[in-house]
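In what follows, a single structure is set out as structure tokens and then discussed.
The values are calculated or read from the model by the stated rules, or taken from the named source; none is laboratory data. These figures come from a predicted structure and were not determined experimentally. A quick note on method: Cβ atoms are made from the backbone with ideal geometry, for glycine too, and the neighbour counts reach across all protein chains shown.
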Amino acid sequence: MIPVAVIRASVIALALLSAWGIPASADDGRPPAPNGTGHPPTSSPIPLTELRPSEIRSAPLPTLAPEYAPLFEPVRAPARKKELVLFVGGYGSTASDGAFDELQARFPPDSYDVRRLGDDQKFPYDTYGSIDANARVLTDQVRKISADYSGVDIVSHSMGGVVVDRAIAGGLSSGDGLRTYVAIASPHSGADFARAPAWVLPIIGPVKEIVRAGGVVVARDPQSEAINDLATARPIPPPAGIVRVDASLATDGFVNEFDARDPGVPQRLFLPATPRELFDGHGGSLVNRQIADLVVETVRTHQVPPDRRDPITQLVAPILWDEETRVWRRVLLVITLAAVCLYAARFIPFCRGPIDRINAWCGRLVRALGR
């Protein structure tokens, strides 16, 4: 019979092995397996950590380095460039006179930028100065800013059309972004109201200040570099790659049917629609609704619009313009003869003194008015 002491010793030894040996070999640092499964044996023992559970820190999650951006950005469509509509005013006009306000309101600002030659001090427009010099200013401005736009459209009035003609003759072209050019009431072939003073004023020098004062008060100064250039203006061939069209009112006697001749360019002649357009066909052309429609459609489509004038307009307008030209040429002839007669009267002894005093006073008036 086995002694009791031996049995106790065996039980104690077995307990010690279970407490020390078995956990040391079985606990390899991995989480316990679910019931009924076990871990595969490892080739090398995994060291046990001596840290308390509260001191064990998990490794931080990997993060994307801030300097790394996603490989692909969403594709955004480039912003669509606007077109530029550039107005070129006539003789004696200023950039702030509001002459083109009604036309400007017809162009939506989300598609067009509207500017006027002379509104930028870097590109000064002296409407009494040399037409060639102003043409160079226009060319410089278009070439400076055209890259900011999808195209440039020029709308001129009166002498402004001759400025544009000279700019195109000097090299301004579709290569500079110019797409359309609409001339309103422009004397492409020169103007009778420029020829008369350009030829007569140098002859009647002793009384010319009287004539100039009358011109400045009633309309514009009849003596300037621009007047001399308008007296000899000639049309240019239609420019390649640029859509061209001319427009006038049949009641415009200031730029008559002969002054406005522009061979090779479509011309639209309209009837007046308001009393203002009837009595001032030249200035009224800037507020005529049909002319405005023509301008906007030409700029929008970059094509010469179909002739939508009604048969009455097409029949009556040329007849009215011809009669208007006759009337205003007679008016100009009377003014010219009056100036010559005033000059001749100065040779009468008792008239010389009063005429000279009036001429001197008129000279001071002209200078006071900025001329």
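Inside the range 137-165, residues that are of a type outside the set (Gly, Ala, Ser) and touching a residue at least 60 places away in the same chain (Cβ under 8 Å) make up a count of 13.
Taken together, Ala69, Ala95, Ala77 contain a single residue that is surrounded by fewer than 21 Cβ atoms within 10 Å (Cβ to Cβ), at pLDDT below 95 and within 17 Å of Val164 (Cβ to Cβ), which is Ala95. Looking across the range 352-371 at every residue that is under 38 Å from the mean Cα position of the chain (by Cα) and among the charged types (D, E, K, R), the one that is surrounded by the most Cβ atoms within 10 Å (Cβ to Cβ) is identified as Arg371. For the range 182-207, the tally of residues that are farther than 23 Å from Thr251 by Cα and touching a Pro at 6+ places or on another chain (Cβ under 8 Å) stands at 1.
The residues on offer are Ala194, Ala260, Ala226, and the sole one that is over 26 Å from Leu103 (Cα atoms) and modelled with pLDDT of 95 or more is Ala194. Any chance the range 274-285 includes a residue that's farther than 29 Å from Gly214 by Cα and surrounded by 16 or more Cβ atoms within 10 Å (Cβ to Cβ)? Within the range 274-285, not a single residue is farther than 29 Å from Gly214 by Cα and surrounded by 16 or more Cβ atoms within 10 Å (Cβ to Cβ).
Pairing residues of the range 323-346 that are farther than 21 Å from Phe254 by Cα with residues that are aliphatic (A, V, I, L, M), at Cβ distances under 6 Å and at least 6 apart in sequence or on separate chains, gives Leu342/Val207; Tyr343/Ile204; Tyr343/Val207; Arg346/Ile355. Scanning the range 247-256 for residues that are under 17 Å from Asp153 (Cβ atoms) and within 26 Å of the chain's Cα centre (by Cα) turns up at least one hit. Among residues that are surrounded by fewer than 14 Cβ atoms within 10 Å (Cβ to Cβ), free of Cβ contacts under 8 Å to residues at least 12 places away in the same chain and not in a helix (DSSP H, G or I), Arg308 is included.
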